[in-house]
1. Can you tell me which residue is nearest to TYR56 (Cα to Cα) among those in the stretch 83-117 that are aromatic (Phe, Trp, Tyr) and in contact with a helix residue (DSSP H, G or I) (Cβ under 6 Å, 6 or more places away or on another chain)?
2. I want to confirm something. Restricting to the stretch 231-254 and keeping residues that are in a loop (DSSP other than H, G, I, E, B) and of a type in the set (D, E, K, R), which single residue is farthest from THR200 (Cα to Cα)?
3. Among all residue pairs at least 6 apart or on different chains, which show Cβ distances below 8 Å where the first residue, located in the stretch 238-256, is more than 13 Å from SER295 (Cβ to Cβ) and the second is among the acidic types (Asp, Glu)?
4. Which is more than 22 Å from the chain's Cα centre (by Cα) and not aromatic (Phe, Trp, Tyr), of GLY335, GLY369?
5. So for the stretch 180-197 (the condition being small (Gly, Ala, Ser) and part of a strand (DSSP E or B)), does at least one residue qualify?
6. Restricting attention to the stretch 92-134, and to residues there that are part of a helix (DSSP H, G or I) and of a type in the set (Gly, Ala, Ser), which single residue is nearest to THR301 (Cα to Cα)?
7. Being in contact with a Phe, Trp or Tyr (Cβ under 8 Å, 6 or more places away or on another chain) and within 20 Å of ASN362 (Cβ to Cβ) is the filter here, so list the residues in the stretch 154-177 that pass it.
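The values are calculated or read from the model by the stated rules, or taken from the named source; none is laboratory data. Please read these numbers as outputs of a predicted model, since none were measured by experiment. All Cβ positions, even for glycine, are placed from backbone atoms using ideal geometry, and neighbour counts span all protein chains on display.
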Amino acid sequence: MNLERASGILLHPTSFPNGVLDAHAYRFVDWLAAAGQRWWQVLPLGPPEGITGSPYMSPSAFAGSPALLADPDAPVTEEEARSFRERNAYWIGDWEAHGGSLEDQVRFDREWGALRDYARERGIRVFGDMPIYVADGGADHRAHPELFQEGVVAGVPPDLFAETGQLWGNPLYDWTAMRAAGYRWWIERFRRAFDLVDLTRVDHFRGFVSYWAVPAGNTTAVEGKWRRGPGADLFHAVERELGPLPVVAEDLGVITEPVVRLRRELGFPGMVVLQFAVGRDPTNPHLPRNHEEQSVVYTGTHDNDTTRGWWESLSDEDRAWSELDPDDPAWSLLGVAWGSRAALAIAPLQDVLDLGSEARMNLPGTEEGNWRWRYAPDDLTDERAERLRALTESSRRARFA
């Protein structure tokens, strides 16, 4: 797929003032339109993990989160329930067997569909997020145990985020079994994703080339081993049934040449993050001069500190090297992102609001205090919308620029 030059804002629905799809959600869409934005990016929309609240550890790869419902008691008609069950026959029975509610899923699709239609009417499309893995013991794991390996769990090796790696603990796919089943689970997963969003980021894309398998029971991810993933075979199987996939590959971290080759073979745009552009390496892909046109540039993602918090953590030398305005670093970095040759520029709302580390969404490798940030109703001012629109128009990212 080819991305058109545009921009957008990253904000998960849990960050609305009330954390649900109520009037504040519609006001946010209006604010996006007033600010000249064409994309609204969200995190995974499934039910979050119960203890940490992580949307990346959901008990279902298909269900929508009932916690986002503005009206959780809205009546559901028998005709609605029957139609939903027919359209979602592949997974809804598994969700009900796991204790989930059909009626809640009907309500979710109703509320989310109405909001998405409202956004579409205002020229705004939704950019979703697909976690690579599912939760241990979740509905998908329990319903299809033959599609998962035993004795190993998911994680990533030591990196800049964590010196002992990250032990995610998710079950790992048995790719031989997935292939034998015609990748049906993945086909239906992508089908459901594109019922809910217009474009989706596929998380941990490098895991489809090779993935880090950690022995179950280990307390860190240090002793894992690389194992081969399905490569292009999986995506070709999905494309044969669903057609070209509107997908962005999350290709951050230590990326090998085979990962780059796979992404380019499939025609998926990748990601660059400006907070990773600090340093003297001229080949750093996050440096603006190295950005590919078919890519998505971020000031930071949900896993990064806010730009204000990041700036305050930099050394004096790195601040000087960055050439950002020391009096307005967040908007200065927004200007770099919007000025990039990358087709799509995205910033978390926290950066538009110039908030500090207290507004950080997630700190990888920790369990407390994440996924809880919400903006205040009066944060979405006309002045901020006008400033963002001016930047968007001057960088030729607005619809009529």
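1. TRP95
2. Restricting to residues being in a loop (DSSP other than H, G, I, E, B) and of a type in the set (D, E, K, R), the top hit is ASP251.
3. LEU245/GLU239; PRO246/ASP198; GLY253/ASP159; VAL254/ASP159
4. Values: GLY369 fails: more than 22 Å from the chain's Cα centre (by Cα).
On inspection, the qualifying residue turns out to be GLY335.
5. No, the stretch 180-197 has no match at all.
6. ALA119
7. ALA154, GLY155, VAL156, PRO157, GLY165, TRP168, ASN170, listed by residue number.
A quick yes/no check of all residues on (1) in a helix (DSSP H, G or I); (2) at pLDDT 95 or above; (3) β-branched (Val, Ile, Thr):
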position	(1), (2), (3)
VAL296	no, yes, yes
GLY309	yes, yes, no
ASP327	no, yes, no
ALA337	yes, yes, no
ALA345	no, yes, no
